[in-house]
Amino acid sequence: MKKKTNKKVLILGASSDIGIEILKIYLKNNYFIIAHYSKGNQKFFDFIKKNESKIKKTKFNFISNYNKIENFLKKKEHLSADVIVNALGYVQQIDYNNLKISDIDKSFKVNLYPGIYLTSRVGEEMIKKKWGRIVNLGSIGVKFGGGMSNLPYSLSKFGSEFFPNNTKKWIKDNVFINTLRVGATNTKLHKNLPSKNLKKRADLIPIKRMANPKEIAEFVFFIGSEKNTYISHQVISISGGE
């Protein structure tokens, strides 16, 4: 018999392939879920519909003005979450030599700023409850300086590896923050990038294959749940040995 939980998880970027697998595992473990999406897809909407009593979906596009972003993030239901999973992933194919400031800004608005803002706001609420988990999904691309055409993405993900010194004091109150460097994963995001040769990319990985979304989701749950009792302020690679 599964242990009951009254905990709530906010998942940003829940409609991606990895996001949907994260939804599944938190649902299986009896969390109430707030599932954020921007555009969504049929697979995501079908899953939400089947579990609408345990999942609340919320739509927002972070490529917006800063006031709207702050107003969305500071909703009471978001700040009261026991677990924050930042699985946002905005990728724009831009050649490095043609890079514009606006390209960097878009990636930061989606991939970096929401996680920083929520961390700064939600920590005190988690301390009051003497429990909280914040998990950022980073990228193994940070280790290699990004790809030839996705520097804004990798640069914004690099920012998620910065843990403000203020947050160190939270650890004694059982409030943990970690960033996972996610390796190349077999998702629609990778398949839809015209510049990607997936076989060539997989050959660069020591394990000689890409991850599957479920593998990533299972580790996200471990590090962002009661199962994690001692790990905080770490950058952990899930990348097949890269």
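Rule-based calculations on the coordinates, nothing more; no lab input. Just so it is clear, the structure is predicted and the values come from calculations on it, not from any experiment. Quick reminder, even Gly has a Cβ in these numbers, built from the backbone with ideal geometry, and neighbours come from all protein chains shown.
Details
- Alpha-carbon Debye profile of region 1-109, log10 I(q)/I(0) at 0.10 Å⁻¹: -0.33
- Applying 1/(1 + (r/R0)^6) with R0 = 30 Å to the Cβ-Cβ distance of LYS39 and LYS128 gives a FRET efficiency near 0.30.
- Cα-Cα over 22 Å, subset of LYS129/LYS157; LYS54/LYS76; LYS68/LYS106: LYS129/LYS157
- Distance between the modelled labels on GLU52 and SER120, one decimal in nanometres: 3.8 nm (7 Å Cα→Cβ projection).
- Each Lys and Arg Cβ is given +1 and each Asp and Glu Cβ -1; about its Cα centre, the chain then shows a dipole of about 740 debye.
- For the chain, fraction of C-alpha pairs farther apart than 29 Å, in %: 25
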